[in-house]
Amino acid sequence: MSAPVIPGRQVEQARSRQPTRRNVELALLVLVWLVGSLALLLVSMGAADEVVPETWTVIGITGALLLGIHLAVRWLAPYADPLMLPTAAALNLLGIAMIARLDIAEALRAAANDTDAPGSDALDQALWLAVGAIAAALVLLVVRDHRALRRYTYIWGLTGVVLLLLPMVPGLGVTINGANLWIQVGPFTFQPAELAKVVLTIFFASYLVQTREQLALVRHKVLGLGVPRGRDLGPILVVWAVAMLTMAAQTDLGTAVMIFGLFVGMLYVATGRRSWIVLGVLLMVVGGLLAYTLFSHVQVRVKVWLDPFAYANDEGYQIVQSLYGFAFGGVMGAGWGRGYPQLVPFAENDFIFSAIGEELGLVGAFAVVVLFAILIQRALRTAQASRDAFGALLVTGYAIILGLQVFVVFGGVTKLIPHTGLTTPFMSAGGSSLLANWIILALLLRVSDHVRRPDPVIVRPDDATTEVVGRP
């Protein structure tokens, strides 16, 4: 549908007044970099009483990368949401600062034991940030219109399943910390499930756009809830079975929860039927009971969750130290470099929120929660404003991933729910997760650029007027 025809000069003036908000993004990125650099310096001075050499390297790398990805967004997605990139960058730099703090603790421990100092995980994380930022720029360069992704619906689905199955390939998959989630190629290890959540979201969004009318049909009602037709139960049962098999083969409760929760959430958004939520919860309960009955590692997670202090010297040591860390941090925290987050095993991975809570206190932990809330809210706002159903579902899916992952991680770290082993998006150490989250961010920016971009105009040479034409 087109708008009234108006003189071309007025349209050009109107378009020139359409703000891209890129300068706002740049100002926020500069602020984020300054705060992140200050955090790195405080960490170094607080824990080591000097500025360790890697600190300046990390500060320089992160500054150059933030400027580079900003220029890429300014060129490739000029109308994208101005808050998404700075928010993700803030989380990323806070994570690097905490990883640097844990690096110093490991170096001091090695010096006390007269052993070789380990490598710098903070520097590795900064290099993975470079990989993620480059990947995000490439996604923006290649995917000029997110709607083109719909052409390959079942290819995305097959790719996602293959990525989930890769760790089970003999000679390729490796077991780390008791979970068979990784593949190893030469000296490099990678967690393909992180990329699987990216492509499976594209598959779910495309599939649900095609079939949502059939899935929304109601033939019978039970207790006031519409009961899906038998043939419509197939997709949700298949996804439930894949999640269960993944958990069984890879001893990974987190990935199973993520896949199933993502699909049920997107299914509800696509159809608006409460019965899918009820059915999803019932299947999750049944799956949880089966997992508890069949798998010993799930039984261990549940018993530690119910009474961690009874197992404080073995299976419950990690969660108990996490709770002690939160208690020691209190409201304002011990301060950068003044706590003992290194007492929590693998604090740089799935328990980095515990380290934040100890050194920055309740205020710092709440600030991290607010940053995630901003990122998720901006994604949902983009979905609400999207003019095409696929874009809305795609962005909603990524918002569900971020929200669900943050809830599961923070809930596990604080003993609200059993710990699942998922990592904190943008903050935890690990290249696989960081790469996948930067790709997700790029797709969010692409859809938001499409949503916020002003309508194209057509100039009529015969009468020198211009018509504003809405996008399809």
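Values in this text are rule-based calculations from the coordinates and carry no lab data. The structure displayed is predicted, hence computed values, not measured ones. In this analysis, Cβ positions are derived from the backbone assuming ideal geometry, glycine residues included, and neighbour counts consider all displayed protein chains.
At-a-glance table
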{"item": "The stretch 294-330: chymotrypsin sites (Phe, Trp or Tyr not before Pro) in DSSP loop, at most 15 other beta carbons within 10 Å", "result": "F295"}
{"item": "Amide N proximity, the stretch 369-409 versus R21 label position 7 Å along Cα-to-Cβ, cut-off under 14 Å", "result": "374-386"}
{"item": "CD proxy at 222 nm, helix term only [per DSSP H run n ≥ 4: -39500 (n - 2.57); per residue of the chain; nearest 500]", "result": "-23000 deg cm²/dmol"}
{"item": "FRET efficiency for A367 and L108, using Cβ-Cβ distance with R0 set to 41 Å, rounded to 0.05", "result": "0.90"}
{"item": "Value of Rg to Rh for the chain (Rh from inverse mean 1/r over Cα pairs, i.e. Kirkwood)", "result": "1.00"}
{"item": "Pair D49, V331: separation of 7 Å Cα→Cβ label points (nm)", "result": "3.2"}
{"item": "Peptide ranges 103-115, 183-195 listed from the most packed, as the mean C-beta count within 10 angstrom indicates", "result": "183-195, 103-115"}
